[in-house]
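S.K.: This is the structure, below, for whatever I ask next.
The values are calculated or read from the model by the stated rules, or taken from the named source; none is laboratory data. Computed from a prediction, not measured in an experiment: that's the story for all the values here. Virtual Cβ from ideal backbone geometry, glycine too; neighbours counted across all protein chains shown.
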Amino acid sequence: MENLAKQVKILKIYAIVLTLVVLALIVYTLNLNTGHYKEITAERINIVEKTGKLRMVISNKERQHPGRMDDKDLPTRERPAGMIFFNDEGDEDGGLVYDGDKNSASMTYSFDQYKNDQIMQLQYEQDKDHGNIVRSYGLNMWDRKDEFTLAKQLAYYDSLKKLNDTSAMNNGIKKLKAAGNTRQRLFVGKNTKGEVGLFLNDANGKPRLNIYVNKQNQPVIETLNEKGEVIGTK
């Protein structure tokens, strides 16, 4: 009986200690979730709603989210470090990404059309061409057909990849571009030619009006025809 009483006493002590440890962990966790921190080091942070729905990912390059559409993550792909945003339905709808080394550098802030790719973008790009630095930066805008969604674009590219034929894939991409599902309408900034100004395209994506200062510091106004040919210069 004495041994049994000792065992019961030990179990009571063990239960009390275990309870105190659990309570301490709960308090610590609550403080952890609501605490104030001067610095956090992480490879990736997911911002979610109470339901767990993803709203934003802040990540390094290696762990960057591939994107999401129609309740499905897109295939794994290499993406730069930065922030990716997701709308109320969980679809990717833009982001801020950046990368750079001695050979090239870029930073892009994109705004995506619903169920589609970007329609507005602030972008900086720099590359080397035969040892020379080629740089451009500014605001881009596109028109995209509502019916040709991002999901359809990805399915089309997947079908081209399955052909395992580089020539057929290149022809398929050319055919897609010719279909006019995406048309650039505007660029404001500095292009790769060193021209700084406003460049406007028509509804078919053809250049129609350019107002810029060239590399010789001369102001230029160009009007172009439906083929993109210059028909007037001032």
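S.K.: In the range 212-222, is there at least one residue being crowded, with 16+ Cβ neighbours inside 10 Å, aliphatic (A, V, I, L, M) and outside any loop (DSSP other than H, G, I, E, B)?
M.R.: no
S.K.: If you don't mind, there's one more thing I want to ask. Please work out if Leu186 is closer than 23 Å to Tyr124 by Cβ and among the aliphatic types (A, V, I, L, M).
M.R.: Spelling it out, Leu186 is indeed closer than 23 Å to Tyr124 by Cβ and among the aliphatic types (A, V, I, L, M).
S.K.: Among the residues of the range 35-52, write down those that are within 16 Å of Asp73 (Cα to Cα) and either in contact (Cβ under 8 Å) with a residue 60 or more places away in the chain or in a loop (DSSP other than H, G, I, E, B) (or both).
M.R.: Matches in the range 35-52: Gly52 only.
S.K.: Which ones in the range 199-210 are exposed (fewer than 15 other Cβ atoms within 10 Å of the Cβ) and either aliphatic (A, V, I, L, M) or without any contact (Cβ under 8 Å) to a residue 12 or more places away in the chain (or both)?
M.R.: Ala203, Leu209
S.K.: Here's a follow-up. Please go through the range 185-211 and pick out each residue that is modelled with pLDDT under 95 and in a strand (DSSP E or B).
M.R.: None; the set is empty.
S.K.: Let me ask something else. With (1) basic (Lys, Arg); (2) modelled with pLDDT under 95; (3) assigned to a strand (DSSP E or B) as the list, and Arg55 as the residue in question, which single condition is left unmet?
M.R.: For Arg55, the failing item is (2).
S.K.: Just for the range 63-82: of the residues that are closer than 17 Å to Lys115 by Cβ and acidic (Asp, Glu), which one is surrounded by the most Cβ atoms within 10 Å (Cβ to Cβ)?
M.R.: Asp73
S.K.: Can you tell me which of Gly194, Gly172, Gly189 is over 27 Å from Asp70 (Cβ atoms) and surrounded by 15 or more Cβ atoms within 10 Å (Cβ to Cβ)? Let's see the steps before the verdict.
M.R.: Working: Gly194 fails: surrounded by 15 or more Cβ atoms within 10 Å (Cβ to Cβ); Gly172 fails: over 27 Å from Asp70 (Cβ atoms).
The match here is Gly189.
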